[in-house]
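The values are calculated or read from the model by the stated rules, or taken from the named source; none is laboratory data. Predicted model, so just to flag it, every value in this text is computed and none were measured. Cβ placement follows ideal geometry from the backbone for every residue including glycine, while neighbour counts extend to all protein chains displayed.
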Amino acid sequence: MASGTWRGIVGVVKPTYGSGSLVEFIRLLPEGVGCIPMYAGIREHSERGYLGAMETYHAKVAELAEIGVDLMHPEGGPPFMVRGHKAEQEIVSGWEEKYKIPIFTSGMSQAEALRALGIKKFVGCTYYRDPKMNDIFTRYFSDAGFDVLGMEGMDTSPGEADAISTETIYQHLKASFNKHPSAQGIYLLGSGAWGVKDIIAAENDLGVPVVHPVAARVWYVQKKLRVRNPIKGASKLLEELP
């Protein structure tokens, strides 16, 4: 093993070619953890587009297994959530049985992060204006055993995510929480619009944890590789590593 990856290598399959969340993910990984990225190249952000991407995910997971990694993370919540929680578990179990490598999806890491933080009921925030997609995300987490008080979509789409300001993100998180004040935490779907730093003010002001997709995957990689590297100023999840 190369000296720069002495703690392990995680192979990821990015849903799109956007690089922002990948850069942040690599930056937050502990020293000694390497990353091999691949891409599903999804261009149509719809139920049909996500359903059609699975063949590519199968191919990329097989390629990462052939390369040889210690952990695999096919990213992107929607491509798996549109199939439902049970189908996602079956797909991942099939991959693990075939390749003998631990594998987790975005939804799996986020659900585990919510549980680790003691969050049973939460409000979700997305950048999907399509209510049908937000209903799909709600059903996924409900089937996973959570009480989803609301899945509040912004009047945007994944293709517009890069243009959303930090101020707009903060306002959306705060308004969503104020709409559901009994929430024990906030869940963010999608990492194309918001960086981990964008949630800190909301966490501090609202007094509840915010589960960010990148923070959740960094936390889960540490958990699966048996690494413990707390990060100050990068969300309650990464500071406390529950």
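For segment 198-220, indicate whether the set of residues that are touching a residue at least 24 places away in the same chain (Cβ under 8 Å) and exposed (fewer than 14 other Cβ atoms within 10 Å of the Cβ) is non-empty.
yes
From 175, 183, grab the single residue that is surrounded by 21 or more Cβ atoms within 10 Å (Cβ to Cβ), of a type in the set (Gly, Ala, Ser), in contact with a strand residue (DSSP E or B) (Cβ under 8 Å, 6 or more places away or on another chain) and farther than 23 Å from residue 21 by Cα.
Answer to the selection: 183.
Failed condition for residue 185, given (1) farther than 25 Å from residue 10 by Cα; (2) without any contact (Cβ under 8 Å) to a residue 60 or more places away in the chain; (3) out of contact with any Ser or Thr (no Cβ under 9 Å at 6 or more places or on another chain), with all others met?
(2)
Quick one: is residue 88 surrounded by fewer than 17 Cβ atoms within 10 Å (Cβ to Cβ) and among the charged types (D, E, K, R)?
no
Among the residues that make up segment 216-231, is at least one of them at pLDDT 95 or above, closer than 14 Å to residue 123 by Cα and either in contact with a Phe, Trp or Tyr (Cβ under 7 Å, 6 or more places away or on another chain) or of a type in the set (Gly, Ala, Ser) (or both)?
For segment 216-231, residues at pLDDT 95 or above, closer than 14 Å to residue 123 by Cα and either in contact with a Phe, Trp or Tyr (Cβ under 7 Å, 6 or more places away or on another chain) or of a type in the set (Gly, Ala, Ser) (or both): absent.
Scan segment 109-135 for residues that are assigned to a helix (DSSP H, G or I) and more than 18 Å from residue 211 (Cβ to Cβ) and report the count.
Matching residues across segment 109-135 total 4.
Does residue 99 count as over 14 Å from residue 15 (Cβ atoms), in contact with a His (Cβ under 6 Å, 6 or more places away or on another chain) and at pLDDT 95 or above?
No.
Do we find a residue being over 22 Å from residue 233 (Cβ atoms) and of a type in the set (D, E, K, R) anywhere in segment 187-203?
No: segment 187-203 contains no residue that is over 22 Å from residue 233 (Cβ atoms) and of a type in the set (D, E, K, R).
Take segment 136-149 and flag every residue that is assigned to a helix (DSSP H, G or I) and β-branched (Val, Ile, Thr).
If the condition is that a residue be assigned to a helix (DSSP H, G or I) and β-branched (Val, Ile, Thr), then 136, 138 are the ones that fit.
So, in segment 59-77, how many residues would count as being farther than 14 Å from residue 36 by Cβ and at pLDDT 95 or above?
Final tally of qualifying residues: 1.
Conditions tested, residue by residue: (1) among the β-branched types (Val, Ile, Thr); (2) in contact (Cβ under 8 Å) with a residue 12 or more places away in the chain; (3) out of contact with any Ser or Thr (no Cβ under 8 Å at 6 or more places or on another chain); (4) at negative phi.
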residue	(1), (2), (3), (4)
59	no, no, yes, yes
69	yes, yes, yes, yes
72	no, yes, yes, yes
78	no, yes, yes, yes
85	no, yes, yes, yes
93	no, no, yes, yes
99	no, yes, yes, yes
102	no, yes, yes, yes
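Restricting to segment 146-176, name every residue that is of a type in the set (Gly, Ala, Ser) and without any contact (Cβ under 8 Å) to a residue 24 or more places away in the chain.
163, 165, 175, listed by residue number.
Can you tell me which residue is surrounded by the fewest Cβ atoms within 10 Å (Cβ to Cβ) among those in segment 91-118 that are hydroxyl-bearing (Ser, Thr, Tyr) and out of contact with any Gly (no Cβ under 6 Å at 6 or more places or on another chain)?
The residue in question is 93.
Among the residues of segment 10-54, count how many are free of Cβ contacts under 8 Å to residues at least 40 places away in the same chain, within 15 Å of the chain's Cα centre (by Cα) and buried (at least 18 other Cβ atoms within 10 Å of the Cβ).
1
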